[in-house]
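Visitor: Dumping the structure here so I can ask a few things about it.
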Amino acid sequence: MQFHLAFIATQYYIDLVTKTYISPICQPIHAKEAILQTAISQLKALILTTLLFAAGTAQAGITVYTSQAAYLAAVSATAVDTYDNLPIDTINTPLNRTAGAYSYTVTTSGSSPLLYGAGNGDDLWLGSNAPGDSIVFSNFSSTVRGVGGFFFGSDVFGDYASSTGSALIASNVLGEVLTYQLLLPTQSSFIGFISSDAIATLRFKNNDTDNSIWPTVNDLHLSAAAVIPAVPEPSGYAMLLGGMGLLGLIARRRRQR
């Protein structure tokens, strides 16, 4: 919407300058005036193309966030699935879950079709049943544009365990994919992904090769897109302002003549 209004305003400004200052003077139109009109038409096309390009480069794709605060500032309507109602036991898949107004499904990829409720006390987590398996989140509500959480490892008893690293792979409905390697994750390691289109899947796998660490997730965040207008790049603004300045200069020179 913001781009559409900018497009109309730019077209109106160019036409106003052309009709108010140049057209009355260019009667009849001689060779120089014809060249001037051609140059103005080309300039109009350049400015409008710049707006289109700037709007296109200001969006699209998937962005990763390593700060929970930064992630929350970039999204809206976040809901959190704490997993505190899970049993400390094996869990069948597919596991259908909800968080606020959002829904999603959890499955595994690997040797075991089961998940496992880990953690202790009042803070429970979601883990895989086999250390080499991936935890796969999918079937998100169509309004989900952001997904994040705390990703780390646990041991055979379901307690926190340090690991060398893990991999998270996010994809959206356009088929765009972003992989993030999380090194030395801890219980406070927050990773979030924000997409310009609906989130399709999120896969989480531990990278340890000794099969002693289970991939584990806590407090999964699901979010809608933030209402932020697309902002042209600085180079786009420079071209746009330069073109408008040139039109103003041409109009002044024509009036003086």
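Every number in this text was worked out from the coordinates using simple rules, so none of it is lab data. All values derive from a computational prediction rather than experimental measurement. Cβ: placed from backbone, ideal geometry, glycine included. Neighbour counts: every protein chain shown.
Visitor: Give me a count of the residues in the stretch 154-181 that are over 14 Å from the mean Cα position of the chain (by Cα) and either crowded, with 20+ Cβ neighbours inside 10 Å or among the charged types (D, E, K, R) (or both).
Guide: Here the count works out to 6.
Visitor: Limited to the stretch 60-89, what total is found for residues that are closer than 24 Å to Gln181 by Cβ, of a type in the set (A, V, I, L, M) and crowded, with 17+ Cβ neighbours inside 10 Å?
Guide: Residues flagged as closer than 24 Å to Gln181 by Cβ, of a type in the set (A, V, I, L, M) and crowded, with 17+ Cβ neighbours inside 10 Å within the stretch 60-89 amount to 4.
Visitor: Still on this model: Looking only at the stretch 90-122, count how many residues are at positive phi and surrounded by fewer than 18 Cβ atoms within 10 Å (Cβ to Cβ).
Guide: Residues meeting the conditions: 3.
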